[in-house]
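Trainee: One structure follows; several queries about it will come next.
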Amino acid sequence: MFMNTGFFEPGKTKTERKFIQQAVKQSQRLDGRKSGESRDVQLTFGGEYGSVVVSLGDTKVMAQVTCDMGTPTTSRPNEGKLQLYVTLAGVSYLDSVQKTHDKRSLTLNSLLERTFRTSRCVDLESLCVASELHVWCIRVDVNVLNHDGNLYDASTVAVLAALMHFRRPDVTFTDGELRTYTEKERDMIPLLFLHYPVSVTYCIYTSNFQPFVDPTLLEENTADSTIILSFNSYQELCTLNAGGTVPTDVRTIMQCARSAANRCKAMVTFVRKALDLDEQQCLEGTKKNTGMLGLMAKSAQKLSFKTLMKGDQKQQQHITEDMDLEVEAKPNPKLEADEGENADNVENVESDQPAQEEELPMDDSGWLPQEPEPTIDLTKQSPGKPKRKRNKGNKKKQ
């Protein structure tokens with residue numbers, strides 16, 4: 001029986017883990033990247049609206065958006081529906097048990113629903129045609145073509161680009177009848193967004209507490225803990241997912257959040273620029289209407305992050321370098337100031353030592369409150385009891 005015995009997932013053996021842990025100690029990566037440097041992102045748009053392929057290094061994810069008319073829920077009759085489905089059938093390897101393969105698809109699907117559905121990035125009220133009767137149901141199918149680490153970041157970029165690239169037909173509801181217009185009759189309508197979320201993942205190891213951005217599959221499987229942060233273009237936190245065995249400090253999380261916010265903002269601007277170029281090509285007629293196979297071909301036109309964002313990329317490099325220095329050194333300004341004062345005033349300290357030893361016995365009356373507390377308590381308790389007894393006695397005599 002052939003159960004994919006020739007393929008094994010990298011990063012599961014002990015030798016691979018030891019090798020990567022030793023490389024992490026020296027703050028080195030197999031790609032030659034720095035700890036705060038991420039791989040290049042490339043976008044390819046299809047001929048149909050809502051078809052996008054994203055490649056982040058060797059990982060490739062394809063997203064396809066479709067729409068259909070349906071009925072709303074009873075709890076929210078004036079809102080449309082947004083559904084996300086993930087499939088990992090395109091991955092070349094499988095674990096020894098099929099359950100782990102299914103768990104990964106479920107976890108990735110739940111993370112995507114948190115970033116796009118629960119954060120309410122799409123205006124669902126704009127998808128309502130007739131309240132309690134007809135509503136647009138938007139479906140996003142995410143297919144993983146190749147997995148080389150950091151699937152979550154690649155899938156979030158693919159879903160966001162596909163939703164921004166998608167257009168739905170115009171519909172009218174008059175006298176209880178629906179009428180859908182074709183593209184020739186009326187222009188297609190884009191979706192309305194409230195914000196644009198994008199995610200960034202970090203890996204942390206026991207040998208080096210410095211976080212590593214955009215991990216590969218080897219780095220993901222050997223990592224001791226992971227942090228996933230998703231921000232929108234307004235640099236607002238949408239989701240936070242952290243787990244693992246290594247305890248993370250507040251300082252490392254805040255440093256990761258600062259760099260992730262800048263990265264997400266740059267990624268949203270990159271997607272917008274890529275959409276503008278795609279629209280220009282469609283208007284000029286230079287774009288080739290390729291199908292699904294044409295998107296995955298090497299000859300397909302790819303828009304890279306590094307070429308479109310050359311000016312903003314330099315600013316991100318300065319931010320990542322500052323982050324690396326802060327994590328490696330972690331200096332305390334108070335300690336440095338104390339050390340400088342002590343180094344300059346060594347002679348004065350030695351001359352003042354005998355005078356300080358004579359002044360060590362101090363009177364407690366200067367810093368301990370002795371009199372006010374007991375006087376207040378006595379005044380409150382002592383006069384209250386006899387007055388009550390006298391009043392009771394006077395009442396009985398009367």
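Trainee: Hey, could you grab the Kirkwood Rh for region 42-194? Inverse mean 1/r over distinct alpha carbon pairs, Å, one decimal.
Mentor: It is 16.7 Å.
Trainee: Where does each of Tyr205, Tyr196 land when they are ordered by accessible area, with a 1.4 Å probe and the largest first?
Mentor: Working: Tyr205 0, Tyr196 40 Å².
Accessible-area ranking of Tyr205, Tyr196, largest first: Tyr196, Tyr205.
Trainee: Arg167 label point, 7 Å along Cα→Cβ, cut-off 13 Å on backbone N: hits in region 190-213?
Mentor: 190-191
Trainee: Quick check on packing: order 107-120, 49-62 by the mean number of other C-beta atoms within 10 Å, highest mean leading.
Mentor: My ranking of the peptides, most packed first, is 49-62, 107-120.
Trainee: Follow-up. When only the heavy atoms of the protein chains count and the probe is 1.4 Å, how do His165, His134 rank by accessible area, highest first?
Mentor: Accessible-area ranking of His165, His134, largest first: His134, His165.
Trainee: Hey, with R₀ at 45 Å, roughly what FRET efficiency would Lys34 and Thr73 work out to, going by the Cβ-Cβ distance, to 0.05?
Mentor: Plugging the Cβ-Cβ distance into 1/(1 + (r/R0)^6) gives 0.40.
Trainee: While we're on this one: Fully extended, how many nm does the chain gain between Met254 and Arg117 (0.36 nm per residue separation, minus their Cα-Cα distance)?
Mentor: Working it through step by step, the gained length comes to 46.8 nm.
Trainee: What nm value, rounded to one decimal, do you get for the distance between Leu178 and Gln281 when each label is placed 7 Å out toward the C-beta?
Mentor: 3.3
Trainee: If you don't mind, another one. Please give, to one decimal in nm, the separation of the simple spin-label points placed at Ser126 and Gln22, each 7 Å out from Cα toward the Cβ.
Mentor: For Ser126 paired with Gln22, the spin-label model returns 5.5 nm.
Trainee: So with the 1.4 Å probe, I'd like the accessible area per residue for region 17-142, rounded to whole Å².
Mentor: Computed with neighbouring chains in place, this is 50 Å² per residue.
The values are calculated or read from the model by the stated rules, or taken from the named source; none is laboratory data. Treat the numbers as computed from the prediction; the structure is a model and nothing was measured. Positions of Cβ are backbone-derived with ideal geometry, glycine not excepted, and every protein chain shown enters the neighbour counts. Heads up: the accessible areas ignore ligands, DNA and RNA and are worked out on the full protein's heavy atoms, side chains in. Shrake-Rupley method; radii C 1.70, N 1.55, O 1.52, S 1.80 Å.
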